[in-house]
Amino acid sequence: MIANLSGRVGVAKKTKVEKLTNCDPVEDLGSDEAIAIFMAEAFLTNDAGYISHALGVVARAKGMAQIASQTGLSREQLYRSFSEKGNPTLKTTLALMKALGIELTAEVQKAA
């Protein structure tokens with residue numbers, strides 16, 4: 001028996017609860033096309049934190065040791081900078097994007 005907020009007593013029903021598992025997006029980034037789609041969607045958020053974290057996810061997919069070697073940055077610095085709470089500099093972001101083969105392009109915004 002369970003009492004609700006009104007003080008009434010009722011019978012609690014048993015429900016089956018499914019366990020959720022963690023999903024690592026790295027597993028879905030096996031091709032350059034998948035990475036391009038992933039990053040395009042991240043850029044659409046206009047959320048700097050989300051974008052930098054997405055870059056970190058792509059770096060993990062490509063291999064953080066290889067990316068560290070290509071950028072001249074330590075693996076630790078890359079993990080820290082591109083974590084969910086990271087705040088990478090523009091210089092670090094551009095170095096990572098170059099190593100990942102991702103380019104920034106400028107476009108005039110379309111009038112609403």
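The values are calculated or read from the model by the stated rules, or taken from the named source; none is laboratory data. Because the structure is a prediction, the values reported are computed rather than measured. Every residue, glycine among them, receives a Cβ derived from its backbone with ideal geometry; neighbour counts consider all protein chains shown.
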**Message:** Looking at region 1-18 only, could you name the residues that are part of a loop (DSSP other than H, G, I, E, B) and at pLDDT below 65?
**Reply:** 1, 4, 5, 6, 7, 8, 11, 12, 13, 14
**Message:** I need a count of the residues in region 80-103 that are part of a loop (DSSP other than H, G, I, E, B) and either within 14 Å of residue 48 (Cα to Cα) or of a type in the set (Gly, Ala, Ser) (or both).
**Reply:** 9
**Fill in**
In region 19-29, residues that are within 10 Å of residue 58 (Cα to Cα) and in a loop (DSSP other than H, G, I, E, B) total 1
**Selection within region 43-72 - within 17 Å of residue 90 (Cα to Cα) and without any contact (Cβ under 8 Å) to a residue 24 or more places away in the chain** = 43, 46, 47, 48, 50, 51, 54, 68, 72
